[in-house]
1. Output the relative contact order of the chain, whole-number percent, from Cα pairs under 8 angstrom with separation of 6+ residues.
2. With the convex hull built on the Cα atoms of region 11-261, state its orientation-averaged projected area in nm².
3. Of the listed peptides 553-565, 66-78, what is their order by residue-averaged count of other C-beta atoms within 10 Å, with the highest listed first?
4. For Lys453 and Ala645, calculate 0.36 nm times their separation in residues minus their Cα-Cα distance, and state this gained length in nm to one decimal.
5. Amide H of Val195: which non-local residues (sequence gap of 5 or more, or other chain) have their own amide H closer than 5 Å, using H built in the peptide plane?
6. Can you work out ³J(HN,Hα) from phi for every residue in region 116-132, in order, using Karplus 6.51 cos²θ - 1.76 cosθ + 1.60 and θ = phi - 60°, giving whole Hz and x for Gly and Pro?
7. Quick one: if you stick a label point 7 Å off each Cα along the C-beta vector at Leu269 and Lys749, how many nm between them?
8. Under 5 Å between amide H atoms, partner at least 5 residues away or on a different chain: which partners does Gln288 have, H built in plane at 1.01 Å?
Amino acid sequence: MERLGIPTLMVSDGPHGLRTQDPERDDPNHSRKAVCFPAGCSAAASFDPDLARREGAAIGREARAFGVGVVLGPAINIKRSPLCGRNFEYYSEDPVLAGELAAGYINGVQSQGVGTSIKHFAANSQEYRRMSASSDMTERTLREIYLPAFETAVKKSQPWTVMCSYNRVNDVFASESRMLLTDILRTEWNFKGFVMSDWGAVADRVKGVAAGLDLEMPGSGGVNDAKIVAAVKAGTLSEAALNKAVIRILNIVFRAADEAAAPAPELDLKGDHTIAAELAKECAVLLQNRGVLPLKKGSKVVYIGGFAKTPRYQGAGSSHIEPTKLECGLDALRAEGVNVIGFAPGFRRSGGESRRLREQACKLAESADTVLMWLGLDEGSEAEGVDRQHMRIAENQIRLLREVSEVNPNVVVILSCGSPVETDWDKHAKALLHGYLGGQAGAKAVARLVSGKSCPSGKLAETMPLRLSDTPCFIRYPGAERTSEYREGIFVGYRYYDTANKAVKYPFGFGLSYTSFEYTGLELAPDGVSFTIKNTGSVPGAEIAQVYVAAPEGGVFCPEKELRGFARVALAPGETKRVFVRLPERAYQYWNVSENRWATAGGRYEILIGASSRDIRLRGVVEKPGDGAPDPYTGPVFAPYRHAAVQSVPDESFAALLGREIPPHLWNRDEPLEFNSALVQGAFRPGIGRLLYRALRLVYGFFRMTGNTEGANNTEFALNLPYRGLARFTGAVTEVQVKALLRAANREKGGLHGLVCAFMHKK
């Protein structure tokens with residue numbers, strides 16, 4: 001690089017902060033301290049692209065100070081199921097909201113001369129076998145649900161890079177998909193930057209270059225570089241394709257170097273902490289309040305729950321930030337002038353019963369006017385690489401809540417988690433404030449909200465169902481062995497619940513306030529809608545107005561309504577503001593698979609303005625002429641989709657929707673193991689493969705038995721790792737050794753001897 005005069009480019013993990021290597025510590029598990037901002041799950045509840053821009057700008061300033069050229073984020077995959085272990089990093093179940101927030105964040109970071117890498121492109125909505133599973137769906141589902149957020153971000157913000165995902169999409173690795181990386185991303189959306197892989201995501205480097213994958217992230221140890229050279233020499237990879245990749249990378253590398261040459265902004269970590277607190281305050285969602293919030297001045301308050309003293313403020317995995325400062329809920333509440341007379345942990349954070357802790361908490365609760373109880377998921381429950389198994393919080397927390405509410409009914413629950421949980425226990429609480437994962441200053445934000453210093457304004461960016469079994473993909477998530485079938489199609493999140501008339505706990509877009517708002521004066525224009533919002537209460541507050549569009553009845557099946565725009569409006573008591581929300585033509589279109597284009601069905605489109613997807617305040621109608629595209633979904637076989645009865649779609653209906661045979665979902669037991677086979681497939685091969693599988697299962701069982709959640713999660717991730725991952729992630733195994741292991745596992749002649757020789761570095 002130095003010989004050619006090519007500067008270096010540093011990238012850093014961190015959609016909600018920077019995770020850069022500590023230069024004073026040679027340990028990848030220890031990163032430099034940086035401000036931990038609210039995670040994506042929190043930021044989304046603000047419905048505020050400007051807030052996302054402010055967060056991005058602060059992260060961009062820190063990146064400049066740390067010498068980082070590209071921040072790896074935002075992460076904007078759609079929340080298909082509440083079980084996805086990485087949902088805490090993602091914004092929403094809705095692509096319009098996710099795309100607008102992503103554009104705001106990117107514009108913020110890049111305003112500081114630092115690039116972004118939007119991820120994970122595409123259809124990466126589960127962690128289970130994410131490196132091998134195929135996300136099988138129709139192009140309509142892909143175009144309407146899983147791609148639009150990326151499209152919005154690219155067109156509005158032009159991120160410097162795009163990170164492709166690990167998974168296959170319709171049996172083609174995302175890193176090898178010309179349709180995704182070239183035809184759609186570059187040709188249709190006019191993306192100008194370069195595409196990088198996720199870490200260790202490359203299955204076939206040569207195919208990737210041909211498809212439009214420019215940069216492989218660590219690591220193949222130079223093996224894949226040699227394959228590229230060999231392919232060019234053999235004529236199986238064009239030199240022109242390689243040159244394009246190199247040019248795209250160099251354009252960004254030199255751009256980053258030019259930006260870095262300018263004076264860096266002054267690093268202000270204290271100021272960024274203040275910004276993080278301001279952002280977190282706008283993100284919390286008040287789900288329930290029966291007259292107990294805000295806290296009455298001078299009332300005696302007790303804090304119960306270990307999260308109050310040691311907060312759960314971020315998820316686990318590559319986005320883990322070492323915070324510069326961590327607010328404690330107990331201290332933050334006292335700083336707001338609240339009369340806190342005591343604290344009790346109440347439960348063991350990692351689960352397990354303790355009668356002693358419950359009795360201490362109940363005794364303390366008896367002496368208070370109000371109990372603040374901080375509940376949630378522990379650090380091991382939501383993590384990169386593994387999915388959740390259920391939607392419940394630990395039983396020891398629920399039992400504590402029940403017992404405390406019996407001695408003091410004035411219980412306020414503060415919830416910390418990055419994804420929906422079942423809340424059938426909320427009847428034991430008079431108020432429920434969802435703080436999500438609010439970053440290092442999240443506790444301060446909660447204190448200001450419960451004390452009444454600030455008014456809650458966040459709204460749910462995802463539906464909270466009554467129970468896991470109510471979710472549209474319940475039966476099929478996360479999939480079988482080799483596939484994940486997206487049989488629910490476009491009916492994701494509220495699109496399913498509202499169309500199927502399914503009862504939910506808290507609907508999409510829902511959130512309470514300490515004030516109230518009135519909607520009036522709807523006017524329809526060719527390019528959008530306008531209406532008036534008035535604060536009819538006695539305190540300042542912000543309302544998030546949502547604009548939904550309902551397609552004409554009787555035509556192509558569509559969700560009952562779809563979010564097409566929104567506006568966050570801050571209002572003083574009695575204040576009125578006129579709001580305009582633009583509605584582009586896309587707001588009235590669907591993807592027609594017969595003609596492979598966006599199409600408009602003719603008829604009456606209903607415009608719905610609401611405070612949530614189920615709280616519609618204003619209605620209007622717009623007439624749209626059709627463009628003649630044929631309905632691809634005629635006949636009784638499509639009945640499940642016309643009625644959103646998608647939890648158990650028959651094979652014949654899904655095959656008709658796909659327009660092809662359903663791919664086999666089980667691994668072929670007779671095929672030999674290969675480079676992209678998962679380690680768990682070794683269970684079907686007698687010998688070394690099965691031995692390795694059983695050894696990992698024993699380790700996993702040991703970790704589970706001893707309560708080592710992190711160890712169990714890492715082992716589960718290893719079980720689902722492709723064999724190539726042994727070379728990509730361990731740093732101790734070469735590709736040659738992996739190939740020798742596969743020959744031995746497949747019981748090829750001389751395989752065991754070759755394995756021994758490979759690991760003894762013999763030829």
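The numbers here are math on the coordinates, done by the rules we state, and not lab data. Being a predicted model, the structure only gives us computed values, none of them experimental. Neighbour counts run over all protein chains shown; Cβ positions are idealised from the backbone, glycine included.
1. 13 percent
2. For the Cα atoms of region 11-261, the hull's average projected area reads 13.1 nm².
3. Packing order, densest peptide first, comes out as 66-78, 553-565.
4. Fully extending the segment from Lys453 to Ala645 adds 64.6 nm.
5. Val162, Asp214, Leu215
6. Result, rounded to whole Hz: 10, 10, 6, 8, 10, 8, 7, 6, 9, 10, 8, 9, 4, 6, 5, 8, 9.
7. Roughly 6.4 nm, to one decimal.
8. Leu432
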